Amino acid sequence: MDRYIDNGETQTYGPKLRSNIDASFVDDAPEIRTFLAYLTKLQATADKRMADGMAKARGAKSDLSAAALAKSPLADAAKKLLAGFHKHLGSKQDLEEWSGDIKLFFPKGLGGIGTTASDLATALATAKKGLEKDATVPDGKKFQKRLASTEKKLRAEIGKTGGAVKKAQAGLSEQSAEKKEWLAIYRGIALIIEGLLTLDKRPSAVRSIVPHLSVSGGKAKAKKATPKPEASPPG
């Protein structure tokens, strides 16, 4: 029946609905105007709650970014270590000091490692396991200790920031509940307005009062029935 209303549009449609209601029923009975005042107050509360939820969600996104930044020093160290180890393996191959397979340590190549802290921790673990399988890598013991130490520190940091990420995600999920409540109030009031206008014998005015119905993709018009062709008289 109704087009999709995104979060940003709630902050346009809600206030517009309230102002349209105030301007469109000035000549109605006092009882109706009192009831409509209650509805616009209800809508105003929903608009405010939705605005607060959107602001909170924006703050939650900032929390997520902050959590990611908190991991960046160790993530950078992991990237440098992996790049250095990859270069070390390649140089030892070029010098014919090692004849192993780099794919054992980097299955998808250096460029195939993801960018998140979890991706880097997995890459460190893979490289470390590769050294356990191939003991012929020059300076392998030294790299194994460094890979293990960096992975341990990185996973510990991931654990610390995990709580911040979950908290931020919870803030984002609250918005969906507020959106559902906003839609229930807005669309409920829209139906009431349509009913009142029908009683006032001006149902077509609903499009000028309920904002989202006046835009493309709003309430669908009823299709006109196609007249059946008249039957030909018997010959």
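What follows is calculated from the coordinates using simple rules that are stated; it is not laboratory data. Given the structure is predicted, the values throughout are model-derived calculations rather than measurements. We place every Cβ from the backbone using ideal geometry, glycine too, and count neighbours over all the protein chains shown.
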Problem - Theoretical gain in end-to-end length, Ser149 to Tyr4 [0.36 nm per residue, Cα-Cα removed] - result: 47.1 nm
Handout entry: Listed pairs Lys79/Lys129; Lys80/Lys128; Lys108/Lys160; Lys80/Lys129; Lys48/Lys201 exceeding 23 Å between Cα atoms
Key = Lys108/Lys160; Lys48/Lys201
Fill in the blank from the handout: So, relative contact order of region 7-214 in percent, Cα under 8 Å, 6 or more apart, is 32 percent
Fill in the blank from the handout: The residues Thr10, Thr198, Thr34, sorted from fewest to most surrounding Cβ atoms within 10 Å, come out as Thr34, Thr198, Thr10
Handout entry: Model label zone, Thr136; criterion: amide N under 18 Å from point 7 Å along Cα-to-beta-carbon; scope region 85-112
Key = 88-106
Completion exercise
Compactness check, region 7-214: C-alpha Rg relative to the 2.2 N^0.38 Å globular estimate gives 1.81
Exercise for the section: Select from region 81-158 those GluC sites (Glu not before Pro) which occupy a DSSP coil region and have at most 12 other Cβ atoms within 10 Å, ordered by residue number. Expected result: Glu96, Glu97
